[in-house]
1. Does segment 38-46 contain at least one residue that is of a type in the set (D, E, K, R) and either modelled with pLDDT of 90 or more or under 11 Å from the mean Cα position of the chain (by Cα) (or both)?
2. Can you give me the number of residues within segment 82-107 that are exposed (fewer than 10 other Cβ atoms within 10 Å of the Cβ), modelled with pLDDT of 80 or more and part of a helix (DSSP H, G or I)?
3. Name every residue in segment 32-85 that is touching a residue at least 12 places away in the same chain (Cβ under 8 Å) and among the aromatic types (F, W, Y), in order of residue number.
4. Checking the conditions here, which among V21, V69, V35 is touching a helix residue (DSSP H, G or I) at 6+ places or on another chain (Cβ under 6 Å), open to solvent by less than 50 Å² (accessible area, probe 1.4 Å) and closer than 26 Å to F102 by Cα?
5. Given (1) more than 14 Å from the chain's Cα centre (by Cα); (2) open to solvent by 90 Å² or more (accessible area, probe 1.4 Å), where does F56 come up short, assuming only one miss?
Amino acid sequence: MNIDFINNIGLTHYLVLASIVFVMGMAGVLLRRNVIVLLMSIELMLNSVNLTFIAFSKYMGHLEGHIMVFFVMTIAAAEAAVGLALAVSIFKRFNEVNIRFFEHLKG
C-alpha cells in the first residue's frame, strides 16, 4: 500500500475539510428542528474547530493547538450532557423533541 500521499497533504487540505464540516454543522443548526440533530450539528462544528487547531499545531510545531482541543472536547462533553438532559426532559413532557417548544420559554 502506497502511503506517500499522506506526506503531500498540506495545511490547505485540512482547512478546506474543516470548513466543509463546519458548514455542514451550521446548516444542520440553522435548518433542522430536532434537538438531537441540533446537538449533533454543534458537535460537527466543534470537531471542525478541533481539526483546525490540530492542523495549525502540526504545521507550526507548537502544542498549544492540542491543549485547546482538550478544552473544546471538555466543552463539547458538557454541552452534550446538558443538551441530552434537556432533550430527555422535553421528550418526557411533549413526546417529541422539536425545537419549537423552546420558543415560548420565559426566563
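1. yes
2. Selection size over segment 82-107: 2.
3. Once the filter is applied, which keeps residues that are touching a residue at least 12 places away in the same chain (Cβ under 8 Å) and among the aromatic types (F, W, Y), segment 32-85 yields F53, F56, Y59.
4. Criteria check complete, one pass: V35.
5. Result: F56 fails condition (2) only.
The values are calculated or read from the model by the stated rules, or taken from the named source; none is laboratory data. In this text, all values refer to a predicted model and were calculated from it rather than measured experimentally. Heads up, the Cβs are rebuilt from the backbone with ideal geometry, glycines too, and the neighbour counts pull from every protein chain shown. These area figures cover heavy atoms from the full protein model, side chains too; ligands, DNA and RNA do not enter into them. Shrake-Rupley method; radii C 1.70, N 1.55, O 1.52, S 1.80 Å.
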